Every structure is written in C-alpha cells, then in structure tokens.
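Novice: This is the structure I have questions about; it appears just below.
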C-alpha cells in the first residue's frame, strides 16, 4: 500500500495512477489522515436489455394486409386454367 500526502499526490499523480492501475492500493492523506483511495476505473458491462428503446417504430396498421396482396394470398386459383395439350 502506498500512502502519500496531497502535495506529493499532486506532484506524482501520473506515477500514482499507474500504481493503482497495476493493482496497488494508493491512499492520499491530508495531515496524516487518509482522505481518499485511488482506484482504477472499471467500465460497467454493457446492458443489453433496453438498448434499442426508442429506436424502433412500428406502424399502427403493421398487421393489416393491403387488399391486392390479401386477394393474391387467399385466392385459391393461383395459376390460370391450363389447357390439356392432348385435346
């Protein structure tokens, strides 16, 4: 554990940051009393739930078929009458 006063911390901040990043505990004291502990920043894991909130839009009539497409899909007669080549 490294313990330094505020003046020394200001002077050697880059070195103290490297020590903290390497896992060493760095305590900054004022008048000999510990005030803060310098620790490395840890990124929070990405929260996947809700990440697309507000990015997706769906029309009110998304589940309604246009009449011409609905007719094509429901018409039992898909192909025109085929003429038999024998006669």
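Readers should treat all values here as calculations from the given coordinates under stated rules, not as data from a laboratory. Predicted model only: the values in this text are computed from it and were never measured. As a convention, Cβ positions derive from the backbone with ideal geometry for all residues, glycine included, and neighbour counts pool all protein chains shown.
Novice: Among the residues of the stretch 1-18, write down those that are out of contact with any strand residue (DSSP E or B) (no Cβ under 6 Å at 6 or more places or on another chain) and over 12 Å from residue 37 (Cβ atoms).
Specialist: Across the stretch 1-18, the qualifying residues are 7, 8, 10, 11, 12, 13, 14, 15, 17, 18.
Novice: In the stretch 1-22, what residues are closer than 16 Å to residue 42 by Cα and without any contact (Cβ under 8 Å) to a residue 12 or more places away in the chain?
Specialist: Once the filter is applied, which keeps residues that are closer than 16 Å to residue 42 by Cα and without any contact (Cβ under 8 Å) to a residue 12 or more places away in the chain, the stretch 1-22 yields 18, 22.
Novice: Please determine whether any residue of the stretch 38-59 is part of a loop (DSSP other than H, G, I, E, B), surrounded by fewer than 10 Cβ atoms within 10 Å (Cβ to Cβ) and touching a strand residue (DSSP E or B) at 6+ places or on another chain (Cβ under 9 Å).
Specialist: No - not one qualifying residue is present in the stretch 38-59.
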